[in-house]
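See structure below.
No lab work stands behind these numbers, since they all come straight from the coordinates. This structure is a prediction, so every number in the text was calculated from the model and none was measured. Here the Cβ is made from the backbone with ideal geometry for all residues, glycine too, and neighbour counts use every protein chain on show.
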């Protein structure tokens, strides 16, 4: 086999044409041509598409916008699945709609909107969601108005400690950029969660 895809590169195509025109050749010549073609294919692979950001790489400020776009796309996918559930006529239709609201099903849509692969999007979504929650303990959790000033300060310190633990994955500059948007983004997380529950008929 000359290469993974015979027409992946001009050199690969040229090699195929030369071999076809010559009608083969000796085994040694064929082995040599195959080795040259494979080497050319390997050398050209990075040019065809540079590897993306590793999923484990620390987040960047730009990832905040990616997450926001991803959540919007996931919400749209969940709402579409919810509409299908309401109009489902068979058990298969119902099952398909129920699967459509699940996180694993909406992740591809979120990743496409964010412009990253699914693994990276999962990391961005998970880490930024956690950071936003630590920055907004009054949303979707304990009613902080019922706490004493000392208790609120203790909660703030706990959130700061949690963010510190995330620092290797969510650098300080990302947290600073997230702060002005944390409440709005946290509300989007809550809205998406509620939509998933509604989509299951709960």
| task | State whether the residues of region 80-89 include one that is under 28 Å from residue 180 (Cα atoms) and either touching a helix residue (DSSP H, G or I) at 6+ places or on another chain (Cβ under 8 Å) or free of Cβ contacts under 8 Å to residues at least 40 places away in the same chain (or both). | result | no
| request: For region 95-110, name all the residues that are assigned to a helix (DSSP H, G or I) and in contact (Cβ under 8 Å) with a residue 40 or more places away in the chain. | output: 97, 98, 100, 103, 110
| Conditions (1) in a helix (DSSP H, G or I); (2) touching a helix residue (DSSP H, G or I) at 6+ places or on another chain (Cβ under 7 Å): number failed by residue 123 | (2)
